[in-house]
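Nothing in this text is a laboratory measurement; each read-out follows from the coordinates by a stated rule. Everything quoted here is computed from the prediction, not taken from an experiment. When we count neighbours, we look across all protein chains shown, and the Cβ atoms used for this are built from the backbone with ideal geometry, even at glycine.
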């Protein structure tokens, strides 16, 4: 290549002859003496749009003139069918994560509840159909992998948006007597008798502007069909423990989860659970509200 550059630098006139295998440049120096030809290899001419030589296609037709036989191709073996991970009727934390991820891609707007119900099944069908997967409504390995690739790991807040998280260990002040043991960190209420947990339910609290008071209190009044005179809102199964603050059922909590807040009361979203609790709690029972 170096000699080629030197040849072109000194050239005063040139004649080129293009051949079938490349290009030959004949140069003449200043003294008029001929220089040896420089050969530039440009590769086979077949790559430059010229038809291939007959020799290159001879092998396409056998000598006897008969077309070559084509051996039957064996189809690739199909992979194993997708494994169903969860379907309608299943429950648990994995189902809760599935629901949280379906919420992230706007295929589910309720929960997570941890129960694979009809709404979850319909959400999975919609997700599958949008991506060309069989609309079974069951979450199999293929559906799950596709959903994982489109979403992020949900945090505890997303997993328990509608409540249902495990209760925290009870405050030591809850270990004696009859106690409504309320924990703001796990957002749960334990109904305890002599250190034993009778029932547990999800709760929510007041906002930063109307916080739920912390400390040790006692139930001083029960009102089954109470309506707030301050906010003109229903407070069924109300059990008052500190001024106007009470433990009571909240239809808003049941509908919106932790997207809302109370005006300081302890809201319960499970109406059946609080109806049973209301029947058991007595005036004078202890209430402990802690972080």
Given the Cα-Cα distance of residue 199 and residue 141 and 0.36 nm per residue of separation, how much length would full extension add, in nm? 17.3 nm
Virtual spin-label span in nm between residue 84 and residue 272, 7 Å along Cα→Cβ: 2.5
Could you list the square roots of 5 times each eigenvalue of the Cα gyration tensor of the range 84-159, that is, the equivalent ellipsoid semi-axes, sorted largest first and rounded to whole Å? 17, 14, 11
In nanometres, the difference between 0.36 nm per residue of separation and the alpha-carbon distance of residue 178 and residue 231 is 16.0 nm
